[in-house]
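Participant: I'd like to ask some things about the structure below.
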Amino acid sequence: MDSKTKNKFIAIALFAAVLSCLVFAQTINKGINVLKTKEVPLLEKIPFVPVKEFKLGLDLKGGSHLIYEADLSAIAEREKREAMEGLRDVIEKRVNMLGVAEPQIVVQQVDDKYRLVVDLAGVMDVHQAIEMIGKTPYLEFRQEKSLPTSTQNNNDEEMSLQDIFEGTPLTGRFLKNADLEINQQTLQPEILLEFNKEGAELFEKITSQNVGKRLAIFIDNALISAPVVQEKIAGGKARITGKFTVSEAREIARNLKAGALPVPITLISQTTVGPVLGKASLSQSLRAGLFGFLCVCLFMIVVYRFSGFLACLALAVYTVIMLSLFKLIPVTLTLAGIGGAILSVGMAVDANVLIFERQKEERKKGEVFERALENGFKRSWPSIRDSNLTTLLIALIMFSFGSSFVKGFAFTLSLGVVVSMFSAIIVTRTLMRMFLGTKLEKIKWLWR
Amino acid sequence: MQFDFIKYRRIPYIFSAGLVGACLVLIAVLGLKWSIDFTGGSVLSLEYESQVPSTQEIQRVISDMGLSPVIVQKETDKKVILKLPYINEQTHQQILSRLQETAKIQTGSEQFETIGPVIGKELKSKIKVVVVLSLLAILVYIIIAFGRVSFPVKSSIYGLMGTIALFHDVTIPLGIWALLGKYAGYEVSIPVITALLTVFGYSINDTVVVFDRIRENLIKNRGEDFGVIVNKSLNDTLVRSVNTSLTVLIVLLFLFFLGGSTLKPFSLTLIIGIGFGTYSSIFLASPLVYSFYKIKNRKNNKK
């Protein structure tokens, strides 16, 4: 064995060991915990391995994938995009109130239609979530309660918003529009409010009663902004000034607009998976993958003996790399994605079969062990490249397709194809070269 | 040991022609049953705590609500799948509470999918684009890959025969799907189409590998009869073709039998497709090239 091979082997072994720590972090930490209880000073210093979880998709941990279509007929063409963003903010706030972890809400444009795609993971009561999302945003203005001076100790944070503000008759339907403006003199961003006739009267009345106090704007009971009324405002046009950045001001204006011009949405597609079901299908698929892996190993060892065994080691490296990539990228694992990964286990050894068959042929031709080994790798390369190329090509085309099933499958399959080229060729070759010139080389039945 | 694929080539020809013909008839007569992915509609799957109420009872509960058509499928003693038209969330909740009255449903076991007709239509047109693009990509690949062999027949003939084999590999699973759709309620869903596209990418390689070997053997054994060379190439690559497909089939079988129900139609399509793909690359593609060569020769000799 030359030193280059040895170095490569050590590098691969180290690489695999580090990745294994990442993949099996929890199990390893349990082991470390046991060691620490032994009260050996040296052992106590062992650090825990950082834990990183797999990211599971909706079909595996349970949840809902909802597609809403927005009715934007009341909104001018150039303002549609912004209206959707406002709607997105409003719904995100509502979903957050439900306590959904990392909700994903995306605006999608299909031809001239706008959609809102909402992904809710781990929600037990999807029905409640759907009801909350479907409501039109409710915008209202609230004035400060006249509080006894003793309690008014500027301890606003300690008091709930309900205690500070009380409702006024002024609501979103009196608001005609809200927009962002940059003040020409101060160059500060400002929010311009415009009320309809009825609203203008109400606003005048409310502002006259609240000069020097705050007038809070709420959407769905969430505070958007609480500007202080400087003076009585007549005419139905008001400005909110203050120290906000352009993007903050833009967000406030967007939210106000969503309350002023509510965009009705209808649910046009729903996929809901119960959490129990998701867990069951995850464990089923993982078991299928494990058995598939073991059976492929058995097959390779029976058919290719020692070479087959080395291919299994390479397959183990392959599995560890794939699992770490899932954690590191991170890949949102769906059932389809796991299907793609499991399929790629079968495909990963394809290259090994090609290589070993070539080596067999070379040996039959009377080549010495080393020549047969190297030629096997070299001559099978074009076939390996081609077969992976077509699979990759189709996977890439599939990836462009919108459906999440196809995307998940295509992504893990392509990842698997790329990683398998490394494991089946480089890892297997290094492992095989380790046995060049050793006694094992001479035992013919090992290398069928 | 050498098999004589060339001498007995007509047996698989007849077998495959019959099978493809039958499948085409099945597809034409029975039609393919498209899933709600493409047509719009709802699928509700539930697990009961003890026993599923009778199919008639569930059917009655749903039709009382004025919904039709309803298909009720019992998966196991506890699990049931309902197929309904597109329904809104309110109806969905109504169905759930009415079914809850018949027997206790296990919490968290529900799976519900409802797809509006608009989304279905969109997916259908989108998947068409993907299928066409994949076909084009494979065709380009075939032209490039098969351009390497151009003797004793033109490279386009190799390409043509490879394409015929591919057509065979996809028609058979589709035919089986038509049959399963009629008698077992299997539907052509997005996973099935995905599997068929994967078969496309995977199966073409077995054929290319044999053709590559034919080219290699043509150079090495100049002057040898074409039939002998094709046969030798098939035998050279036989173990390889069978073994590579076997490893993939092993994992797919596990996925089919042990994997979740969502992956069943997907893995079944792959199993059928890859199985027939391996068969066609051995028994059809290369022998067909030889047959073409012989027919052409006979015509030339007559002139």
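The values are calculated or read from the model by the stated rules, or taken from the named source; none is laboratory data. It should be emphasised that the depicted structure is a prediction, and the values quoted were computed from it without experimental measurement. In this analysis, Cβ positions are derived from the backbone assuming ideal geometry, glycine residues included, and neighbour counts consider all displayed protein chains.
Participant: If I ask for residues that are at positive phi and modelled with pLDDT of 85 or more, which ones from segment B:33-74 would you list?
Facilitator: B:GLY40, B:GLY41
Participant: Of all residues in segment B:116-170 being more than 21 Å from the chain's Cα centre (by Cα) and of a type in the set (D, E, K, R), which is nearest to the other protein chains (Cβ to nearest Cβ)?
Facilitator: B:GLU122
Participant: Hey, another quick one. Identify, by number, the condition in (1) at pLDDT 90 or above; (2) surrounded by 24 or more Cβ atoms within 10 Å (Cβ to Cβ) that A:LEU277 doesn't meet.
Facilitator: All conditions pass for A:LEU277, except number (1).
Participant: Further question on the same structure: Which strands (runs of 3 or more DSSP E) does segment A:174-280 wholly contain that include 1 or more residues that are more than 37 Å from the chain's Cα centre (by Cα)?
Facilitator: By residue number, A:175-182, A:189-195, A:215-219, A:237-240.
Participant: Collect the residues in segment B:100-119 that are part of a helix (DSSP H, G or I) and surrounded by fewer than 21 Cβ atoms within 10 Å (Cβ to Cβ), keeping them in residue-number order.
Facilitator: Result: B:GLN100, B:GLU101, B:THR102, B:PRO117, B:VAL118.
Participant: Then there's this: Find the helices (runs of 4 or more DSSP H) located wholly in segment B:188-280 whose residues include 2 or more that are more than 7 Å from chain A (Cβ to nearest Cβ), over 22 Å from B:PHE167 (Cα atoms) and of a type outside the set (Gly, Ala, Ser), and list them.
Facilitator: In segment B:188-280, the matching helices (runs of 4 or more DSSP H) lie at B:190-220, B:226-258.
Participant: State all residues of segment B:75-85 that are surrounded by fewer than 20 Cβ atoms within 10 Å (Cβ to Cβ) and within 13 Å of chain A (Cβ to nearest Cβ); if no residue qualifies, say none.
Facilitator: B:GLU75, B:THR76, B:LYS78, B:LYS79, B:ILE81
Participant: Return the total of residues in segment A:309-350 being within 14 Å of chain B (Cβ to nearest Cβ) and in contact (Cβ under 8 Å) with a residue 24 or more places away in the chain.
Facilitator: 24
Participant: Of everything in segment A:10-49, what is over 26 Å from A:ILE426 (Cα atoms) and part of a loop (DSSP other than H, G, I, E, B)? Give them in sequence order.
Facilitator: Result: A:THR37, A:LYS38, A:GLU39, A:VAL40, A:LYS45, A:ILE46, A:PRO47, A:PHE48, A:VAL49.
Every residue, every condition in (1) surrounded by 18 or more Cβ atoms within 10 Å (Cβ to Cβ); (2) among the polar types (S, T, N, Q); (3) at pLDDT 80 or above; (4) touching a helix residue (DSSP H, G or I) at 6+ places or on another chain (Cβ under 7 Å), yes or no:
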| residue | (1), (2), (3), (4) |
| --- | --- |
| A:ILE32 | no, no, yes, no |
| A:PHE54 | no, no, yes, yes |
| A:SER64 | yes, yes, yes, yes |
| A:VAL126 | yes, no, no, no |
| A:MET132 | no, no, yes, yes |
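Participant: Could you list all residues from segment A:377-406 that are of a type in the set (D, E, K, R) and within 10 Å of another protein chain (Cβ to nearest Cβ)?
Facilitator: Scanning segment A:377-406 gives A:ARG379, A:ASP386.
Participant: Related question: Of everything in segment A:215-268 that's among the hydroxyl-bearing types (Ser, Thr, Tyr) and in contact with an Asp or Glu (Cβ under 9 Å, 6 or more places away or on another chain), which residue is nearest to A:ILE75 (Cα to Cα)?
Facilitator: Here the answer is A:THR266.
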